[in-house]
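Written out below as structure tokens is the structure these notes cover.
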Amino acid sequence: MKSSWCFELFCLRVTRSVCVLFVMAALAPPAWGHPDLLAQIEYLSGQLRQQPADAELLIKRGDLYRRHADYRAAAQDFAAARAIQPDHPLLDFYRSRLSLETGDATAAESLLQSYLAAHPEHAGAWVLLGQARLGLGHPEAAAADYARAINRSAKPSPSLYRLQVLALLAAGEAHWQAAREVVDAGLERFPQEMSLLGLGTDIALAADMPDIAAAYIETLPQAMVRLERWQSRLELRRCLGAKTRGAEVANSRCLEAANKALKEQLAEFTR
């Protein structure tokens, strides 16, 4: 398999879909999580009529406007906050989220680099930077950002490991081994995490490592092994591990099927 496995389409679509949902859900401030965004916006608007030069209130309302998908109003509030307090410590962070949602990955990257220079321990900002770099077609850099987010998270989630694995896969076949190492690191924390077990198995099969694939499969509960998706993986493992005379042609076909299955893992992630 050639490095055309770079999955440029994946790099674009993952930024627009799952990364947005995952990152924004993970980073939504708990105090602003009330479902009635319009009521919260109106409440802050009332406060701003009394305190129009309060940058903190403008940033809060701007982020609520972003969550409400009123991007123009969000940008106006952030611009007003910047005019009042250009050195507000969180302004670049919230502006970067707006830039990501409006498809401006270049601006988001610049804002996040500025923010992280002063706040390098903010795990969520590293996740956002990874998202921006995926949008710019730099999956290897994005994987490094996700690694920094994991290292700075008190309790990194399985989804964060999955993001790093998929970014490494998008970077090409030369990164498959590194991707599998991230799978293993995630499984040390979450031994029964099905998404990581599936990725680890699919990477091992596509790399023609049936014994390693078997090791992942063996950790599954029997009820899971009976599922059609895992039965397909098990059959590929048997085929790739066959050593009988004339097995070369079958092995080649199974390796092709394994590579297709790994691509399908990425396609599922971007839906």
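Read-outs: derived from the displayed coordinates by stated rules, not from any lab. Bear in mind that the values here come from a model prediction, so they are computed numbers and not experimental data. Methodologically, a virtual Cβ is constructed for each residue, glycine included, from the backbone with ideal geometry; neighbour enumeration extends over all protein chains shown.
Which residue, chosen from A149, A79, S99, occupies the Cα position most advanced towards the positive end of the dipole of the range 35-162, where the dipole is computed from +1 (Lys, Arg) and -1 (Asp, Glu) charges on Cβ about the Cα centre?
Projecting each Cα onto the dipole axis, the largest value belongs to A149.
List S96, S195 from most exposed to least, where exposure is judged by having the fewest other Cβ atoms within 10 Å.
The fewest-first ordering by Cβ neighbours comes to S195, S96.
Can you compute 3J(HN,Hα) from phi for each residue in the range 205-222, using the Karplus curve 6.51 cos²θ - 1.76 cosθ + 1.60 with θ = phi - 60°, rounded to whole Hz and x for Gly and Pro?
5, 5, 8, 6, 10, x, 5, 5, 4, 4, 5, 5, 4, 5, 7, 7, x, 4
What's the FRET efficiency of A83 with A117 using the Cβ-Cβ distance as r and R₀ = 25 Å, to the nearest 0.05?
0.65
Give the separation of the Cα centroids, the range 74-126 to the range 193-271, in Å.
After rounding, the separation between the Cα centres reads 42 Å.
E188: net charge of surrounding residues, Cβ under 14 Å, Lys/Arg +1, Asp/Glu -1, itself excluded?
Computed value for this residue: 0.
Run the reach check for K155 against aspartates and glutamates, Cα to Cα strictly under 19 Å, same-chain hits fewer than 8 apart removed. What comes back?
The reachable aspartates and glutamates, counting only those whose Cα sits under 19 Å from K155, are E121, D145, E181, D184, E188, E193.
Pairs of Cα atoms under 8 Å, at least six residues apart: use those to get the relative contact order of the range 70-216, whole percent.
13
Taking other Cβ within 10 Å of each residue's Cβ, how do K60, K155 sort, fewest first?
K155, K60
What is the calculated FRET efficiency for R238 to A69, with r their C-beta to C-beta distance and R₀ = 41 Å, to the nearest 0.05?
0.25
Restricting to DSSP loop positions (anything but H, G, I, E, B) with no more than 14 other Cβ atoms inside 10 Å of their own Cβ, which trypsin sites (Lys or Arg not before Pro) remain in the range 206-257?
Taking the range 206-257 and a limit of 14 other Cβ atoms within 10 Å, the loop trypsin sites (Lys or Arg not before Pro) found are R226, K243, R245.
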